[in-house]
Amino acid sequence: MNLQKGFSKGFIGITLITLSIVLICLLLGFWQIQRLHWKEGLLSSLTESNLSSFEPIETVIAHYKNTVAPNLTKVRLKGVYRHDLEIKLIPRTLKGTSGAHLLTPFVFSSGKFVLINRGWIPDSQKQTIHIKRPQGELEVFGYVRHPTAASKISPKNDVLKGTWFNVNVMEISKFLSSNDKTLIQKMLPFYVMQKPDKTYEGYPVPLDLLSSLPNHHLQYAFTWFFLAFGLLLGYIG
């Protein structure tokens, strides 16, 4: 009787634990399906975007609290590049070739400025390259990008030497301001990825935003559903 009672308690416990894990897996699977629909809508919006759908940077700043705009907001900017203050984000590869992303401060008439990721350049130590640096007031189209936290295994930025492995807005803003006292206003707390121009030739190579937004949510959903199904089969068996 006692053995049967103990078995019953153990059986109930295992059942509850199994069903709880199965439920969690199912919830995660359905959450990935929701993410899939969101990502497909986002990619479709980016694909169909035209220049008229890009908001002025002043509107983007005014509409969002603390100038933190939603990630991937389409924005257009008028201002001047400060090529003398450009920095390189390393290491970055393109089609298996080592190089860097070229980030250049872009100053508005108001004095505010933002970093623009102009694109990829090859390692200048391995080959001589010519980088286009447009002068004067320009209109640039791009997408707001929020800096992502550096991984624990990635090297830390060397602010003193100006060596950059990740976009840390506070560190880069401090570095730029220390090198040019005319930058009296703080840099905006996000950066802009320049919209690719299919007719553009030379360096830097504009980055394809769509290729940097992988859509693996369907695979993730199938994985969670498969785990739930496997647990149920193991429990029944």
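The values are calculated or read from the model by the stated rules, or taken from the named source; none is laboratory data. Keep in mind it's a predicted model, so treat the numbers as computed, not measured. Here the Cβ is made from the backbone with ideal geometry for all residues, glycine too, and neighbour counts use every protein chain on show. For the accessible areas, the whole protein counts, side chains as well, though only heavy atoms, and no ligand, DNA or RNA atoms are used. Shrake-Rupley method; radii C 1.70, N 1.55, O 1.52, S 1.80 Å.
Checked against (1) over 29 Å from Asp123 (Cα atoms); (2) of a type outside the set (A, V, I, L, M, F, W, C); (3) at pLDDT 75 or above, Lys174 meets all criteria but (1).
Of the residues making up region 127-172, those that are under 18 Å from Val80 (Cα atoms) and small (Gly, Ala, Ser) are Gly136, Gly142. For Leu183, only one of the following conditions fails: (1) of a type outside the set (Gly, Ala, Ser); (2) surrounded by 19 or more Cβ atoms within 10 Å (Cβ to Cβ); (3) at pLDDT 85 or above; (4) closer than 23 Å to Glu58 by Cβ. What is its number? Evaluating Leu183 over (1) of a type outside the set (Gly, Ala, Ser); (2) surrounded by 19 or more Cβ atoms within 10 Å (Cβ to Cβ); (3) at pLDDT 85 or above; (4) closer than 23 Å to Glu58 by Cβ leaves (3) as the failure. Taking residues in region 176-187 that are at negative phi, and partners anywhere that are open to solvent by 60 Å² or more (accessible area, probe 1.4 Å) and hydroxyl-bearing (Ser, Thr, Tyr), the pairs with Cβ atoms closer than 9 Å and at least 6 places apart or on different chains are Gln185/Ser110.
Can you find a residue that is touching a residue at least 12 places away in the same chain (Cβ under 8 Å), of a type in the set (Lys, Arg), within 28 Å of Ser53 (Cα to Cα) and in contact with a helix residue (DSSP H, G or I) (Cβ under 9 Å, 6 or more places away or on another chain) anywhere in region 114-125? So far as region 114-125 goes, no, none of its residues is touching a residue at least 12 places away in the same chain (Cβ under 8 Å), of a type in the set (Lys, Arg), within 28 Å of Ser53 (Cα to Cα) and in contact with a helix residue (DSSP H, G or I) (Cβ under 9 Å, 6 or more places away or on another chain). Looking only at region 118-131, how many residues end up being under 14 Å from Pro206 (Cβ atoms) and at pLDDT 90 or above? Within region 118-131, residues that are under 14 Å from Pro206 (Cβ atoms) and at pLDDT 90 or above number 4.
The numbered conditions (1) among the hydroxyl-bearing types (Ser, Thr, Tyr); (2) open to solvent by 20 Å² or more (accessible area, probe 1.4 Å); (3) farther than 19 Å from Pro91 by Cβ are all true for Tyr191 except (3).
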